[in-house]
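This report refers to the structure that appears directly beneath it.
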Amino acid sequence: MTSPDHAFRLDLTPTPSSFHRWWRIDNNLGPVLWYVTFNGDTPAEIVAGLTDALIRPEPEEPAPSVIEVLTGRGWEHTTSETGSQRLTSPDGIVRVELYVSPSLGVMGWEIEAAHHHGEHGPQQRLWRAHLDEATPAHLLAAVAEAISNPTPVLRARFKINESVHLTQGAEFAIGSEVVGAHKQRLAEARRHRPKPPSTTAVTAPALPPTAAPARPTR
């Protein structure tokens with residue numbers, strides 16, 4: 001998909017493994033190029049956090065940083081000797097890291113969800129995302145808001161991964177709830193759809209009257 005002004009592009013490329021990168025959002029124009037990727041198992045609400053922010057007008061006020069958003073919701077924040085920033089969710093499932101290489105500098109944001117983060121890295125990975133360091137601040141903030149949003153999500157009965165970290169509410173018919181939420185998001189997206197350029201009718205110049213052909217005389 002390409003935005004109406006051709007400034008942004010979204011690619012969805014499914015692969016046999018859902019852990020591979022399926023989603024890629026990037027920009028085609030501007031002084032600085034950036035990209036964001038999500039694997040196939042990334043919750044839809046998190047991908048939508050970025051795409052919904054992308055179609056809205058860019059806010060005039062400076063966006064809060066990823067660190068400000070997450071620490072404001074109780075995430076643990078640590079800094080390494082190289083300057084890398086790591087934030088861990090209160091339940092320990094999600095880690096967000098701004099990796100800084102001693103030789104290459106800032107490498108961008110890595111987000112990884114797993115059942116456990118042990119000494120040797122994540123165990124039983126759930127999903128993963130990467131956000132380029134040049135990603136606009138308001139888009140980074142939107143993703144941080146999405147991954148830390150405490151609002152329960154709607155899931156069908158057989159699409160819930162078993163985990164000690166999950167709390168399931170009462171079961172109820174969610175068909176109308178899902179449709180209603182989807183329609184609300186579409187309506188919000190259409191509010192920001194650019195209007196087609198106005199066209200002005202061009203009136204052709206009037207032609208001089210055509211003289212009637214002369215009749216032959218007898």
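General remarks:
- M107 falls short on exactly one of the conditions (1) assigned to a strand (DSSP E or B); (2) open to solvent by 30 Å² or more (accessible area, probe 1.4 Å); (3) closer than 26 Å to H165 by Cβ, and that condition is (3).
- Pairs meeting the criteria (first residue in region 41-70 and free of Cβ contacts under 8 Å to residues at least 24 places away in the same chain and more than 27 Å from I160 (Cβ to Cβ), second residue among the polar types (S, T, N, Q) and open to solvent by less than 50 Å² (accessible area, probe 1.4 Å), beta carbons under 9 Å, at least 6 apart or on different chains) are I67/Q85.
- Filtered by the rule that a residue be part of a loop (DSSP other than H, G, I, E, B) and surrounded by 12 or more Cβ atoms within 10 Å (Cβ to Cβ), region 1-14 gives S3, A7.
- Leading residue by the ranking (surrounded by the fewest Cβ atoms within 10 Å (Cβ to Cβ)) among those in region 85-102 that are more than 16 Å from P150 (Cβ to Cβ) and modelled with pLDDT under 90: P102
- Residue in region 15-53 that is surrounded by the fewest Cβ atoms within 10 Å (Cβ to Cβ), counting only those that are touching a His at 6+ places or on another chain (Cβ under 9 Å) and not polar (S, T, N, Q): L29
- Some residue of region 160-180 being in contact with a helix residue (DSSP H, G or I) (Cβ under 8 Å, 6 or more places away or on another chain) and either within 17 Å of L50 (Cβ to Cβ) or at pLDDT 90 or above (or both): no
The values are calculated or read from the model by the stated rules, or taken from the named source; none is laboratory data. What you see is a predicted model, and the numbers here were worked out from it, not measured in a lab. All Cβ positions, even for glycine, are placed from backbone atoms using ideal geometry, and neighbour counts span all protein chains on display. To get the accessible areas, we keep the full protein, side chains included, count just its heavy atoms, and leave off ligands, DNA and RNA. Shrake-Rupley method; radii C 1.70, N 1.55, O 1.52, S 1.80 Å.
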